[in-house]
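These notes concern the structure reproduced below.
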Amino acid sequence: MRYRVRHYSLMACLLGWVGLALAAPAPRPFVAGTMGQLLTAEPDRARVIVFWSLECSYCQEELQWLAGRDGSEAEVVLVATDPVTSAEAVSTRLRKYGFEPARHWIFAEAFVERLRYDVDPGWGGELPRTYLVAAGEEPIGVSGRLDRERFDAWLQSVTGD
């Protein structure tokens, strides 16, 4: 009898975790090679790739500012540099700003230095880190707050608007 109770309790717990995982879409795992995929996906569309963290106050300002843009001129891709164990908190933060967590990414490897090097060998991990990506051009990496005027000028140059 005692075995059966434990068995049912374990089964209920596992079903609860599976249900929770299915109900709450989480950011996709960002692993070595993901940046290359992001740079080559939809090569004719302008893209803004932002690396951010839950603990970075400037990152929150950046997310709020990006959320206020309509996104029609350039796709916004967000990559949380927090550990994958923070996926729920990252999802909550993304939803707070109106982003759909399942469309964005979270670091999914324990050796973050390898991921940073894979993104950009010259990147030391400072946040926010933004890459402005235009068709046929090298990505432009910007550390720290993204200057709004510089961003608008870049966007106008790649979209012609």
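The values are calculated or read from the model by the stated rules, or taken from the named source; none is laboratory data. These numbers were taken from a predicted model, which means no experiment stands behind them. Reconstructed Cβ throughout: ideal geometry from the backbone, glycine too, with neighbour counts over all protein chains shown.
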The one condition THR159 fails out of (1) over 22 Å from GLN64 (Cβ atoms); (2) at pLDDT 95 or above; (3) surrounded by 13 or more Cβ atoms within 10 Å (Cβ to Cβ); (4) not charged (D, E, K, R) is (2)
Restricting attention to segment 126-161, the residues that are among the hydrophobic types (A, V, I, L, M, F, W, C) and in contact with a Cys (Cβ under 9 Å, 6 or more places away or on another chain) number exactly 1
Practice problem: Assess whether ALA74 counts as being in contact with a strand residue (DSSP E or B) (Cβ under 7 Å, 6 or more places away or on another chain), farther than 25 Å from ALA135 by Cβ and surrounded by 12 or more Cβ atoms within 10 Å (Cβ to Cβ). | Solution: no
Filtering helices (runs of 4 or more DSSP H) wholly in segment 52-161 for at least 2 residues that are within 11 Å of PRO27 (Cα to Cα) and out of contact with any helix residue (DSSP H, G or I) (no Cβ under 7 Å at 6 or more places or on another chain) gives 87-96
Residue set LEU94, LEU66, LEU10; condition of a type outside the set (D, E, K, R), surrounded by 14 or more Cβ atoms within 10 Å (Cβ to Cβ) and modelled with pLDDT under 95; output residue LEU66
The residue that is surrounded by the most Cβ atoms within 10 Å (Cβ to Cβ), considering only those in segment 124-150 that are without any contact (Cβ under 8 Å) to a residue 24 or more places away in the chain and within 23 Å of THR81 (Cα to Cα), is VAL142
VAL158: passes all of (1) within 18 Å of LEU78 (Cα to Cα); (2) touching a residue at least 12 places away in the same chain (Cβ under 8 Å) but (1)
